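Colleague: Structure provided below as structure tokens; questions to follow.
The values are calculated or read from the model by the stated rules, or taken from the named source; none is laboratory data. The structure displayed is predicted, hence computed values, not measured ones. Note that each Cβ is placed from the backbone with ideal geometry, even for glycine, and that neighbours are counted across all protein chains shown. Heads up: the accessible areas ignore ligands, DNA and RNA and are worked out on the full protein's heavy atoms, side chains in. Shrake-Rupley method; radii C 1.70, N 1.55, O 1.52, S 1.80 Å.
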Amino acid sequence: VVGKDVCALLAEQFKKEGVDMGVTAVLNDTVGTLVTEYFKDDRALLGVIIGTGFNVAYWEKVGNIPKYMRANKEADPDATMCINMECGNFDSPTMRVLKNVYNKYDIEVDAASPNKGLGLTEKLVSGLYMGEIARLALRDLKKAGIIKGLNGKLEEKKGFPAWHLSACVEEDDSRLSKIEKILKKEYGVESTLFEREAIRKVCEWVVLRSARVAATIIGTVVLKAGFEWDCTVAIDGSVFEKTPNYPKLMYEAFNDLFGDQPYNIRLVLTKDGSGVGAGLSAALMS
């Protein structure tokens, strides 16, 4: 479908199947999330997905979009358009910037992926890869004799799913009893407190990096667009919603990014934003 009008393709298939339905708008999940929140809060200026994938959309003045202005020379340069960034593919495959944060586990995850060399930023942030990064790091801890292992699961691709990683960073007691139960129930292994602490630390590091990379990209877009004084960021996705302390870690990253410069950025969970936004957009176009 590259280079083709997907609306026309979809409408053609509806007609072939005898479905009486028209196509008024096609938009991706970040745009839908932004539109959904914007109907409630006109300060919503970014739409973000942090879940299985990672992406950002934002409002941009068309005067800053050369391609658009070349095709629409009479357009008001102060008019705004929603831009889908596809920023999960940022710095891919050149890695001029990402080389500073990529490590051997990221390289191994990328090499085993179906889109090697692409989506490199997404592979640092999204839930699709967080568990796998943790698995590879835990595998090295096993080789070093720091933990016993997880009954062979550390040697299996996807042997440590993201929801186990998320559970390992939840609030826990001093003996890390929740982690102990997960290891016993899901992997059939007994563990020492030292081993549980090591596993928790690895999971915390993976989550921390994900949150800080996501926050850095969002903060950079906010600064570029001049939204930092009053901006709502609409976010949907399981990683942002369900990973313990994820929003808090993002706010801490904003504090580091902005330093002494005042800012007012609100991170808002916009559940099911992609579907609702698509419906609202279709209604507007009808």
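Colleague: Return the residues of the stretch 198-256 that are under 20 Å from residue 121 (Cα atoms), buried (at least 18 other Cβ atoms within 10 Å of the Cβ), more than 15 Å from the chain's Cα centre (by Cα) and of a type outside the set (A, V, I, L, M); say none if nothing qualifies.
Modeller: Those that are under 20 Å from residue 121 (Cα atoms), buried (at least 18 other Cβ atoms within 10 Å of the Cβ), more than 15 Å from the chain's Cα centre (by Cα) and of a type outside the set (A, V, I, L, M): 203, 254.
Colleague: If you check residue 131 against the conditions, is it touching a Gly at 6+ places or on another chain (Cβ under 6 Å) and either among the aromatic types (Phe, Trp, Tyr) or open to solvent by less than 40 Å² (accessible area, probe 1.4 Å) (or both)? Talk me through it step by step, then tell me what you get.
Modeller: Working: touching a Gly at 6+ places or on another chain (Cβ under 6 Å): no; either among the aromatic types (Phe, Trp, Tyr) or open to solvent by less than 40 Å² (accessible area, probe 1.4 Å) (or both): yes.
No; evaluated as a whole, the condition is false for this residue.
Colleague: For the stretch 177-190, how many residues are touching a residue at least 12 places away in the same chain (Cβ under 8 Å) and not in a helix (DSSP H, G or I)? Full working, then the answer.
Modeller: First, pick out the residues of the stretch 177-190 that are touching a residue at least 12 places away in the same chain (Cβ under 8 Å): 179-180, 182-183, 186-189.
From the residues that got through so far, the ones that are not in a helix (DSSP H, G or I) too are 188-189.
The total comes to 2.
Colleague: Can you find a residue in the stretch 87-95 that is in contact (Cβ under 8 Å) with a residue 40 or more places away in the chain, assigned to a loop (DSSP other than H, G, I, E, B) and open to solvent by 20 Å² or more (accessible area, probe 1.4 Å)? Show your work before the answer.
Modeller: Taking the stretch 87-95 first, the residues in contact (Cβ under 8 Å) with a residue 40 or more places away in the chain are 87, 90.
Within this subset, residues satisfying the condition of being assigned to a loop (DSSP other than H, G, I, E, B) are 90.
When the remaining residues are screened for being open to solvent by 20 Å² or more (accessible area, probe 1.4 Å), the result is 90.
Scanning the stretch 87-95, I find at least one residue that is in contact (Cβ under 8 Å) with a residue 40 or more places away in the chain, assigned to a loop (DSSP other than H, G, I, E, B) and open to solvent by 20 Å² or more (accessible area, probe 1.4 Å), so the answer is yes.
Colleague: Can you pull out the helices (runs of 4 or more DSSP H) entirely within the stretch 192-286 that have at least 1 residues that are at pLDDT 95 or above and acidic (Asp, Glu)? It would help to see each step written out before you state the result.
Modeller: Values: elements: 193-225, 238-242, 246-258, 273-285.
The qualifying helices (runs of 4 or more DSSP H) are 193-225, 238-242, 246-258.
Colleague: Between residues in the stretch 191-219 that are without any contact (Cβ under 8 Å) to a residue 12 or more places away in the chain and closer than 19 Å to residue 133 by Cβ and residues that are β-branched (Val, Ile, Thr) and in a helix (DSSP H, G or I), which pairs lie under 8 Å by C-beta distance while being six or more apart or on different chains?
Modeller: Taking only residues 6 or more apart or on different chains, not a single pair turns up.
Every residue, every condition in (1) open to solvent by 10 Å² or more (accessible area, probe 1.4 Å); (2) in contact (Cβ under 8 Å) with a residue 60 or more places away in the chain; (3) under 29 Å from residue 187 (Cα atoms), yes or no:
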residue: 40; (1), (2), (3): yes, no, no
residue: 45; (1), (2), (3): yes, yes, no
residue: 59; (1), (2), (3): yes, yes, no
residue: 63; (1), (2), (3): yes, no, no
residue: 74; (1), (2), (3): yes, no, no
residue: 85; (1), (2), (3): yes, yes, no
residue: 105; (1), (2), (3): yes, no, yes
residue: 113; (1), (2), (3): yes, no, yes
residue: 123; (1), (2), (3): no, no, yes
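Colleague: If a residue must be among the hydrophobic types (A, V, I, L, M, F, W, C), crowded, with 18+ Cβ neighbours inside 10 Å and under 18 Å from residue 246 (Cβ atoms), how many such residues does the stretch 156-166 contain?
Modeller: Within the stretch 156-166, the first condition is being among the hydrophobic types (A, V, I, L, M, F, W, C), and the residues that meet it are 160, 162-163, 165.
This time we only want the ones that are crowded, with 18+ Cβ neighbours inside 10 Å, so: 160, 162, 165.
Filter again for under 18 Å from residue 246 (Cβ atoms), leaving 162, 165.
Going through the stretch 156-166 one residue at a time, the tally reaches 2.
Colleague: Right, next: Specify which of the listed residues (162, 144, 75) is among the small types (Gly, Ala, Ser) and within 21 Å of the chain's Cα centre (by Cα). Spell out how you get there, then give the answer.
Modeller: On the way: 144 fails: within 21 Å of the chain's Cα centre (by Cα); 75 fails: within 21 Å of the chain's Cα centre (by Cα).
On inspection, the qualifying residue turns out to be 162.
Colleague: Quick check: is even one residue across the stretch 136-151 open to solvent by 50 Å² or more (accessible area, probe 1.4 Å), touching a residue at least 24 places away in the same chain (Cβ under 8 Å), farther than 30 Å from residue 187 by Cα and not in a helix (DSSP H, G or I)? Outline the logic, then answer.
Modeller: From the stretch 136-151, those open to solvent by 50 Å² or more (accessible area, probe 1.4 Å) are 142-146, 148, 151; that's our starting set.
Next, only the ones that are touching a residue at least 24 places away in the same chain (Cβ under 8 Å) stay: 146, 148, 151.
Of the ones still in play, those that are also farther than 30 Å from residue 187 by Cα are none.
Scanning the stretch 136-151 turns up no residue that is open to solvent by 50 Å² or more (accessible area, probe 1.4 Å), touching a residue at least 24 places away in the same chain (Cβ under 8 Å), farther than 30 Å from residue 187 by Cα and not in a helix (DSSP H, G or I).
Colleague: Moving on to the next point. Based on this model, can you work out whether residue 68 counts as within 30 Å of residue 240 (Cβ to Cβ) and of a type in the set (Phe, Trp, Tyr)?
Modeller: Working: within 30 Å of residue 240 (Cβ to Cβ): no; of a type in the set (Phe, Trp, Tyr): yes.
Considered against the rule, which asks whether it is within 30 Å of residue 240 (Cβ to Cβ) and of a type in the set (Phe, Trp, Tyr), residue 68 comes out as no.
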